[in-house]
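First the structure, in the form of structure tokens, and then the observations on it.
Please treat every number below as a calculation from the coordinates, not as lab data. Model, not experiment: these values are computed from the prediction. Note: ideal-geometry Cβ built from the backbone for every residue, glycine included; neighbour counts use all protein chains shown.
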């Protein structure tokens, strides 16, 4: 069993990247990505049943429909709308920069796997600061709270994002790659890595990384990021890499305690559960927080009466 726990991450993520590199010349980049992502979904769903981190998280919490809509509409829809805008605007600027510099800025001659590593480093820093800003400022938290409202962690809620949140996250991560002239093949491979990593990061699989938790923002530190207590959740902002959390003092992985069983937002116990209500929540934030405050007062009165 320990071998399975330690093997899930390298086998699934490494296998997905290797398969994509092999299949892209044969099937075309887009079709290869679709085939590999489909296989990854099946593999992670099976692993959640065979090696669950929390068996209770394998049972529906009334969230399946909401998460599926987020994945289909917010996830796929938002990125499909943002991608041509990023490519068009970024491509124009990238061409101008290359002209000014006199040479291509992106090392396209590097092996594809090395270009992927560079893309991860380039995209991670702006995404880290966007994510951290959302936790530290109410305007950003209004939108990001949708992601933290999940009552459990499993592969599908990796896509539980408000479209505004996901759209900005996409732009700040991908614009630097386009500006530097990263080729489409590299960007698609980065997209695959990001998607597979996100599913593993949120999966209900008892995955272990050991020292690699100091490199990757995988499930073990990320579960603390979904703690109901914001003092714990305001850590581990990395999308794929944990390097900037280490650099800026926001890494949190206590060894003396187990990751929390209950996740969500303690201050917002009645955060809207439906998809449309979650889309509207940032724009009716005063009502959402007012209802939460009423719940907290009611709970205090109940505890006082019981005492």
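Would the stretch 198-263 count as rounded, prolate or oblate if I go by the C-alpha gyration tensor, calling it rounded below 1.5 in a/c and otherwise prolate when a/b exceeds b/c, oblate otherwise?
Working: a/c = 1.42, a/b = 1.08, b/c = 1.32.
Rounded, because the longest to shortest axis ratio a/c is under 1.5.
Compute the acute angle (0 to 90°) between the alpha-carbon long axis of helix 163-179 and the principal axis of greatest extent of the alpha-carbon atoms of the chain; round to the nearest 10°.
20
Over the chain, what is the relative contact order in percent, taking alpha-carbon pairs closer than 8 angstrom and at least six residues apart?
23
As a test of the formula, what do you get for the chain when each DSSP H run with n ≥ 4 contributes -39,500 (n - 2.57) and the sum is divided by the residue count, at 222 nm and rounded to the nearest 500 deg cm²/dmol? The partial results should precede the final answer.
Numbers: 14 runs with 190 residues, N = 307.
Helix-only estimate at 222 nm: -20000 deg cm²/dmol.
Can you give the extra length, in nm with one decimal, that the chain gains between residue 19 and residue 34 once fully stretched, where that is 0.36 nm per residue apart less the Cα-Cα distance?
Numbers: separation 15, 0.36 × 15 = 5.40 nm, distance 1.15 nm.
Using 0.36 nm per residue and subtracting the Cα-Cα distance, I get 4.3 nm.
Compute the distance in nm between two label points, each set 7 Å from the Cα along the Cα-to-Cβ direction, one at residue 49 and one at residue 261.
Label-label distance for residue 49 and residue 261, simple model: 2.5 nm.
Once you sort the root eigenvalues of the Cα gyration tensor of the stretch 155-207 as a ≥ b ≥ c, which label holds: rounded (a/c under 1.5), prolate (a/b larger than b/c) or oblate (the other case)?
oblate
For the stretch 158-219 and the stretch 24-69, write down the distance between their C-alpha centroids in whole Å.
Taking the Cα centre of each part, the stretch 158-219 and the stretch 24-69 sit 15 Å apart.
Run the quick spin-label model on residue 76 and residue 285: label points 7 Å from Cα toward the beta carbon, then report their separation in nm to one decimal.
Inter-label distance under the simple model: 3.1 nm.
Let me know the shape class of the stretch 157-284, please: from the alpha-carbon gyration tensor, a ≥ b ≥ c as square roots of the eigenvalues, rounded when a/c is under 1.5, otherwise prolate if a/b is greater than b/c, or oblate.
It comes out oblate by the Cα gyration axes.
Taking the beta-carbon count within 10 Å as an exposure proxy, list 113, 265, 215 from fewest neighbours to most.
Arranged by neighbour count, lowest to highest, 113, 265, 215 become 113, 215, 265.
Looking only at the stretch 170-197, which residues have a backbone nitrogen under 18 Å from a spot 7 Å from the Cα of residue 109 in the C-beta direction?
Of the residues in the stretch 170-197, 181-183 have backbone N under 18 Å from the label point off residue 109.
What ranking do 231, 46 get, fewest neighbouring Cβ atoms within 10 angstrom at the top? Working shown, then result.
Working: 231 8, 46 11.
The fewest-first ordering by Cβ neighbours comes to 231, 46.
Nearest 0.05, what FRET efficiency do residue 248 and residue 212 give at R0 = 25 Å with Cβ-Cβ as r?
Rounded to the nearest 0.05, the efficiency is 0.80.
Beyond 28 Å, what share of the Cα-Cα pairs of the chain remains, rounded to the nearest whole percent?
For the chain, the fraction of Cα-Cα distances above 28 Å is 41 percent.
Between residue 129 and residue 229, what is 0.36 nm times their sequence separation minus the Cα-Cα distance? Round to one decimal in nm.
Contour length minus the Cα-Cα distance gives 33.9 nm.
Note down the relative contact order for the stretch 172-282 as a percent, whole number, built from C-alpha pairs under 8 angstrom at least six residues apart. Numbers along the way, then the final one.
Values: 100 pairs, mean separation 21.9, N = 111.
Reported as a whole number, the value is 20 percent.
Starting from the Cα of residue 273, move 7 Å in the Cα-to-Cβ direction to define the label point; list residues of the stretch 131-159 whose amide nitrogen is under 11 Å from there.
It comes to 151, nothing else.
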